[in-house]
Structure formats: C-alpha cells, structure tokens
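Notes to accompany the following structure.
The values are calculated or read from the model by the stated rules, or taken from the named source; none is laboratory data. Since the model is a prediction, treat every value here as computed from it, not as a measurement. When we count neighbours, we look across all protein chains shown, and the Cβ atoms used for this are built from the backbone with ideal geometry, even at glycine.
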Ligand code: DGY
C-alpha cells in the first residue's frame with residue numbers, strides 16, 4: 001500500500017522526523033529559513049498532510065493547490081494565526097497545534113524578559129563587555145522593582161494564568177483584562193478583573209498573552225501607551241502585531257513608558273534598521289519563549305503525532321477546529 005505523502009517545512013527533533021518518515025513518504029525542507037512561497041506551493045501538490053510553522057502561510061490558495069486529498073494541517077506552535085482556519089474547516093481538514101506543553105516554559109520566559117528589562121540586565125551586560133565598567137556608582141543602571149508592583153495581564157488564558165501564578169511569589173497585585181472574565185481562575189488566585197483602560201492606567205507591568213486576530217491587532221497603540229504609567233514595562237510574548245511598533249517606538253523614545261521586552265515583533269524577523277533596535281530601553285529576543293529542550297521536544301512529538309494521525313484519518317491529539325477532527 002502506498003504510504004501517505006507529507007511535507008514537513010523545517011527540521012524538528014530527529015526522533016520525530018524518524019517517526020514521520022517511518023509512517024509516510026516524507027518530503028522534509030531542511031533549510032533553516034522557511035521555504036519560499038513559490039516552492040511551498042509546488043511542494044504541497046498532492047500531499048496528504050503538512051507539518052508547518054508559524055512562518056508558513058497556510059491559506060485557501062495553498063489548500064486548493066494541495067488538492068482535495070489533504071487530510072491534516074499540523075502546526076508546531078500553539079498559535080495559528082498563519083493558518084486560515086475557516087478555509088480548513090470548510091474543507092473538513094483538521095488543524096493540529098501544540099498547546100499545554102509550552103505553557104510553563106513561555107511563562108518562565110515572560111518572567112525572564114520582564115526581569116531583564118526591569119533591572120536592565122542586557123544593557124548593563126553590554127556595558128561590561130564593552131569595557132565601560134570603571135567603578136561602582138550609586139546612580140548606575142537604576143531599574144524598576146517588580147516585587148509588590150501592580151501586574152497587569154492582558155489575556156488570561158493558560159499562559160497568562162501561569163504568569164500570574166509566578167507574580168504571587170513577588171507579592172504583586174494582579175489585575176487582568178480578557179474578553180471573557182475568568183471567574184473560575186479568580187477562585188484559585190487573587191486576580192482582579194478590570195477593563196482595559198483601568199489596567200493600562202494602573203499597572204506597573206503589562207504582560208500581553210492574547211491571540212492575534214482582528215480584534216487584537218494593534219490592541220496596544222498610541223492611545224493605550226499614553227495611558228500607561230511612565231515607570232511601566234510592557235512585555236509581549238504573544239504576537240508582534242498586537243502592538244503598534246511605531247507607537248511603541250515613540251513611547252519608549254519619549255519615555256512615556258519605561259521599557260519594553262519583546263519576544264515577538266512586527267514584522268518577524270525585525271529588520272536590522274528598525275529604530276526599536278537603537279533603544280536601550282527595548283529588549284528584543286527572536287521569538288524564543290517556548291524554546292527549552294523539553295518543550296520543543298514535546299512540541300515536535302505532538303505535531304508529528306497529529307500529522308500521522310491525520311493522514312490516517314485518526315483523531316488529532318490537539319485540534320483547533322474539533323468539529324472536523326476525525
Ligand atoms: C506558539 O507556540 O504560538 C509560539 O509563538 C511559538 O512557540
């Protein structure tokens with residue numbers, strides 16, 4: 001019997017590449033960079049399943065070119081804003097993602113970014129490496145305290161909640177905004193539900209954990225940044241376009257807010273000449289919040305299993321559009 005044809009658009013952990021190749025006819029794109037669009041479109045013709053990344057645009061054009069035999073789209077990420085879910089659902093194609101396994105790792109990374117920005121860790125480390133450290137000085141590298149601060153969380157999903165749990169240990173007051181009030185979580189942790197404006201005005205730290213959709217695009221723009229405290233720190237581990245980058249640059253330059261720590265940018269990767277890169281109060285890392293060995297292994301595993309389940313019309317372990325799951 002012919003094995004199902006699959007395309008995997010980047011290398012994942014070798015064990016899971018082996019698992020896929022044992023169970024399919026595998027076309028693996030091994031480059032570090034994503035397949036260019038024209039090549040991606042050529043490669044999807046006639047495939048039964050695709051394992052893709054957030055850098056691959058999976059839209060109706062791609063699904064049409066792939067053909068009606070396409071049985072599964074397996075994303076190695078929890079977010080799926082690169083995939084047209086409605087189009088997949090219309091075609092009865094289940095879309096897998098990798099939630100849960102990355103929740104705590106991403107929450108840890110949020111805190112790493114926050115602490116580094118609050119205490120100017122990357123900036124002062126550069127200072128030492130550049131040979132500029134001449135003495136201890138009472139006024140050098142003053143930062144912001146995190147303990148006992150008011151911690152505003154936008155998006156109280158799985159990751160937002162884990163970030164909140166860690167804030168308890170820092171004696172923070174936690175306020176949150178989400179389109180859905182999470183009374184179930186309020187029973188477990190001291191979380192105060194507020195509207196967005198109240199959160200922006202009162203928080204010392206604002207951490208973004210929303211999905212990217214039409215409602216959250218540029219959720220944080222000039223108006224919102226103007227409401228924030230001048231000592232405040234904005235952390236974004238969600239998606240770059242949730243923040244209006246130009247407005248953020250102006251707010252950081254004019255010291256309307258104190259610092260930003262970004263795991264994600266708009267666009268990604270951030271262009272080398274982007275003005276945000278010139279600011280000492282803007283810490284930027286290359287979308288690494290889920291990048292621990294253990295978590296990326298688990299993400300590889302789930303996405304590989306979702307792919308092979310899907311091409312065999314078996315139920316995906318985690319499915320974004322369960323109404324069409326097998
Ligand atoms: C995701 O999973 O959506 C992250 O952005 C990458 O881990």
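Considering the conditions (1) in contact (Cβ under 8 Å) with a residue 60 or more places away in the chain; (2) within 19 Å of residue 123 (Cα to Cα); (3) within 16 Å of the ligand (Cβ to nearest atom), residue 233 is excluded by exactly one of them, (3). Check whether at least one residue in the stretch 243-263 is in a loop (DSSP other than H, G, I, E, B) and either in the same structural domain as residue 10 (by the TED database) or within 14 Å of the ligand (Cβ to nearest atom) (or both), and report yes or no. Looking through the stretch 243-263, at least one residue is in a loop (DSSP other than H, G, I, E, B) and either in the same structural domain as residue 10 (by the TED database) or within 14 Å of the ligand (Cβ to nearest atom) (or both). Residues that are surrounded by fewer than 16 Cβ atoms within 10 Å (Cβ to Cβ), touching a residue at least 12 places away in the same chain (Cβ under 8 Å) and within 16 Å of the ligand (Cβ to nearest atom) within the stretch 289-316 comprise 294, 297, listed in sequence order.
Here is a yes/no grid of residues against (1) buried (at least 16 other Cβ atoms within 10 Å of the Cβ); (2) in the same structural domain as residue 54 (by the TED database); (3) away from the ligand (no atom under 16 Å from the Cβ); (4) modelled with pLDDT under 95:
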site	(1), (2), (3), (4)
109	yes, no, no, no
114	yes, no, yes, no
133	no, no, yes, no
145	no, no, yes, no
153	yes, no, yes, no
182	yes, no, yes, no
186	no, no, yes, no
192	no, no, yes, no
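How many residues are away from the ligand (no atom under 16 Å from the Cβ), in a loop (DSSP other than H, G, I, E, B) and in contact with a strand residue (DSSP E or B) (Cβ under 8 Å, 6 or more places away or on another chain) if we restrict to the stretch 60-81? The total comes to 2.
Here 39, 20 are screened, and the one residue that is at pLDDT 95 or above, more than 21 Å from the chain's Cα centre (by Cα) and crowded, with 18+ Cβ neighbours inside 10 Å is 20. Checked against the criterion of being out of contact with any helix residue (DSSP H, G or I) (no Cβ under 8 Å at 6 or more places or on another chain) and within 30 Å of residue 314 (Cα to Cα), the stretch 142-158 contains one or more residues that satisfy it.
Within the set 308, 317, the sole residue that is assigned by the TED database to the domain that holds residue 16 and either within 24 Å of residue 106 (Cα to Cα) or assigned to a strand (DSSP E or B) (or both) turns out to be 317. Looking across the stretch 36-59, just one residue is more than 21 Å from residue 240 (Cα to Cα) and within 16 Å of the ligand (Cβ to nearest atom), and that is 51.
In contact (Cβ under 8 Å) with a residue 60 or more places away in the chain, assigned to a helix (DSSP H, G or I) and closer than 30 Å to residue 217 by Cα: which single residue out of 167, 88 fits that description?
Selected residue: 88, the only one of 167, 88 that is in contact (Cβ under 8 Å) with a residue 60 or more places away in the chain, assigned to a helix (DSSP H, G or I) and closer than 30 Å to residue 217 by Cα.
Of the listed requirements (1) out of contact with any helix residue (DSSP H, G or I) (no Cβ under 7 Å at 6 or more places or on another chain); (2) touching a residue at least 24 places away in the same chain (Cβ under 8 Å), residue 245 misses just one: (1). In the set (1) more than 15 Å from residue 321 (Cβ to Cβ); (2) in contact with a strand residue (DSSP E or B) (Cβ under 9 Å, 6 or more places away or on another chain); (3) within 11 Å of the ligand (Cβ to nearest atom), the condition left unmet by residue 105 is number (2).
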